[in-house]
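Written out below as structure tokens is the structure these notes cover.
Every number in this text was worked out from the coordinates using simple rules, so none of it is lab data. Treat the numbers as computed from the prediction; the structure is a model and nothing was measured.
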Amino acid sequence: MAVSLIAVLHWPQVQALLGRRIIRSTPPQLKREPLGLPYALGALGMMAVFEVLPYCEEALRDWKANPGRLTPPAGQPA
């Protein structure tokens with residue numbers, strides 16, 4: 001479903017992929033007004049909170065459950 005929706009939205013590019021149309025590429029351009037520093041710092045902060053912090057929390061819980069070990073003891077279920 002997602003592929004079909006993208007194909008409908010970008011039909012000329014789909015035709016170019018199939019060899020039925022030639023699309024001239026345009027060189028990439030920089031934005032006229034770049035994003036502000038508060039926006040960039042906020043985005044990086046949210047990435048740290050929602051992506052890195054859960055991994056750190058999981059590693060801390062694993063370390064507390066099996067101190068000093070990278071794997072659980074042999075008789076304990078994983």
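Of note:
- Our estimate of slack between Ala48 and Arg69, defined as 0.36 nm per intervening residue step minus the Cα-Cα distance, is 4.9 nm.
- Here is how the number arises for the chain: DSSP H runs of 4 or more residues each give -39500 (n - 2.57), the sum is divided by the residue count, and the result at 222 nm is -14500 deg cm²/dmol.
- Which label in (1) 66; (2) 18; (3) 54 gives the computed percent of Cα pairs over 22 Å apart: (1)
- Most mobile of Ala48, Ala65, Ala40 in a GNM of the chain (Cα contacts under 10 Å): Ala65
- Most mobile listed residue (Gly36, Gly45, Gly68) in the chain, GNM with C-alpha springs under 10 Å: Gly68
- Between Leu37 and Gln13, the contour length at 0.36 nm per residue exceeds the alpha carbon distance by 5.2 nm.
- 3J(HN,Hα) along segment 32-37, derived from phi through the Karplus expression 6.51 cos²θ - 1.76 cosθ + 1.60 where θ = phi - 60°, amounts to 5, 10, x, 5, x, 5 Hz, with x in place of Gly and Pro.
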